[in-house]
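Here you go, one structure.
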Amino acid sequence: MIGLGWTSETATVPDGLRLHGDGPIRALCAPTAVSKTARDRLGMQVRSFDAGIDLLPIAPSHQISSQQAISMMRTADMAPIITQLKTKGQLTLSVQQPQIATDPISDGRSWLAARKNRHDVRANQADLLHHIAALAGRPVSPLRRTNHCVQCDILVERSEADKLKDQLAHHLHGSSGLVEGVISITGLWPPFGFADLQRLGASAA
Amino acid sequence: MGVELHLATADEVLCSGDDRLVDLVDGLLHHGVVVRGELWLTVADVDLVFLGVDLLLAAPHKIRPADQPT
């Protein structure tokens, strides 16, 4: 079995998943055969979260056995952070802006110019994300960068997620001309961006 | 160019083949219970070097399988 995360749920979980442990916090695990890839694990975490389970999620890219998940549960006091995140999920914001065309890289100067261009695009993306996050007025994760975009997460009560999505969409439509770029607002996701193991590690020490 | 806005649920993102949404999922995969360290070395607004590291925090004797020597 592969660990998906930890939960205070002690009764029902979606078909095929199992709870391990016997305390107030349990490890939610999935059969190895159906959780081989990070995307498989992410899919099952989303399914569990949608079923109403309060999940402190393990990063899907990390394959942790159920035994290891149980061991970690015993070394760290996870109850406070699970309680804190119990009724919450995250909306993930993503901003993509077009690259500015630059001259082909033929020497050191053009290489530096290309790097400067990339830096400027990323800075604009970050500014736009900060702008949107400020509108939300809720806890925001640090920015992260992928190949083509910049992302961040907003922590939100499950019951308020749709309303916040609509509010942000309405505001962004009204800001057309002031901001630009391709913006995606997705979710509700399990609170990946707020699963703070540093706090867990500190409390376990 | 103005704002092009896309709204999607988690299920819609997971089922999508859209490059932008695939990129979004890739960004999520490394988050959760890990600690990610990122460091950009930048000189005069030019990004020169990126260092990234994922850490999983737990007592070593607890996270290793019981039959593996410490």
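What are the extents of the Cα atoms of segment A:46-132 along their three principal axes, listed from largest to smallest and rounded to whole Å?
Projected onto the principal axes, the Cα atoms of segment A:46-132 cover 56, 29, 23 Å.
Further question on the same structure: Hey, which aspartates and glutamates would be in cross-link range of A:LYS116, C-alpha to C-alpha under 13 Å, not counting anything within fewer than 8 residues on its own chain?
Here the aspartates and glutamates satisfying the reach criterion relative to A:LYS116 are A:ASP103, B:ASP45, B:ASP47.
Ok, one more. Tally up the carbon and sulfur contribution to the accessible surface of chain A as a whole percent, 1.4 Å probe, everything protein left in place.
Values: 4770 of 9360 Å².
With neighbouring chains kept in place, the figure for chain A is 51 percent.
Turning to a different aspect of this structure: Step by step: find N for segment A:43-91, compute 2.2 N^0.38 Å, then divide the Cα radius of gyration by it. What's the final number? Mind dumping the intermediate values first?
On the way: Rg = 11.6 Å, N = 49, 2.2 N^0.38 = 9.7 Å.
In units of the 2.2 N^0.38 Å rule of thumb, it is 1.20.
Another question, if that's okay. Between helix A:38-50 and chain A, what is the angle of the helix's C-alpha long axis to the longest principal axis, kept within 0 to 90° and rounded to the nearest 10?
On a 0 to 90 degree scale, this one is about 70.
A follow-up question, please. With charges set only on the Cβ (+1 for Lys and Arg, -1 for Asp and Glu), what does the dipole of chain A come to about its Cα centre, in debye to the nearest 20? Spell out each step's value before the answer.
Values: 21 positive and 18 negative charges, 83 e Å.
Approximately 400 debye in magnitude.
Efficiency by 1/(1 + (r/R0)^6): what FRET value for A:ASP22 and A:ASN117, r their Cβ-Cβ distance, R0 = 51 Å, to the nearest 0.05? Mind dumping the intermediate values first?
Working: r = 57 Å, r/R0 = 1.11.
Calculated value: 0.35.
Here's something else I'd like to know. Just name one of A:LEU155, A:TRP111, A:ILE25: the one whose Cα is farthest towards the positive end of the charge dipole of segment A:1-159 (beta-carbon charges, Lys/Arg +1, Asp/Glu -1).
The residue sitting farthest along the positive end of the dipole is A:TRP111.
What aspartates and glutamates could a cross-link reach from A:LYS88, if we take a straight Cα to Cα line under 18 Å and drop same-chain neighbours fewer than 8 places away?
A:GLU9, A:ASP50, A:ASP54, A:ASP153, A:GLU157, A:GLU160, A:ASP162, A:ASP166, A:ASP196, B:ASP11
Continuing with this model, one more query. Ratio of segment A:88-191's C-alpha Rg to 2.2 N^0.38 Å, to two decimals?
On the way: Rg = 15.9 Å, N = 104, 2.2 N^0.38 = 12.8 Å.
Computed over Cα atoms of segment A:88-191, the ratio equals 1.24.
Turning to a different aspect of this structure: Just to verify a number: FRET efficiency for A:HIS131 and B:VAL43, C-beta to C-beta distance, R0 = 22 Å, to 0.05?
Numbers: r = 27 Å, r/R0 = 1.23.
With R0 = 22 Å, the Cβ-Cβ based efficiency is 0.20.
Same structure again: Normalized C-alpha radius of gyration of chain A, against 2.2 N^0.38 Å? It would help to have the intermediate numbers written out before the result.
Details: Rg = 20.0 Å, N = 205, 2.2 N^0.38 = 16.6 Å.
Here the answer is 1.20, to two decimals.
Find how many whole Å separate the alpha carbon centroid of segment A:1-28 from the alpha carbon centroid of segment A:104-162.
Going from one Cα centre to the other spans 35 Å.
What does the buried accessible surface come to for B and A, summed over both chains, with the probe at 1.4 Å? Round to 100 Å².
Working: alone 6500 and 11580 Å², together 13450 Å².
In total, chains B and A hide about 4600 Å² from solvent.
Rounded to the nearest 0.05, what FRET efficiency do A:THR12 and A:LYS86 give with R0 = 22 Å and r taken as the Cβ-Cβ distance? Could you check? All intermediate terms of the calculation are to be shown ahead of the outcome.
Details: r = 16 Å, r/R0 = 0.73.
Efficiency, from the Cβ-Cβ distance: 0.85.
Using only DSSP helix segments of four residues or longer, with each worth -39500 (n - 2.57), what per-residue ellipticity at 222 nm results for chain A after dividing by its residue count and rounding to 500? Intermediate results must be reported in sequence, preceding the final value.
Working: 6 runs with 81 residues, N = 205.
So the helix-based figure for chain A works out to -12500 deg cm²/dmol.
The values are calculated or read from the model by the stated rules, or taken from the named source; none is laboratory data. All of these numbers come straight from a predicted model, not from anything done at the bench. A quick note on method: Cβ atoms are made from the backbone with ideal geometry, for glycine too, and the neighbour counts reach across all protein chains shown. Note: areas computed on protein heavy atoms with side chains; ligands, DNA, RNA excluded. Shrake-Rupley method; radii C 1.70, N 1.55, O 1.52, S 1.80 Å.
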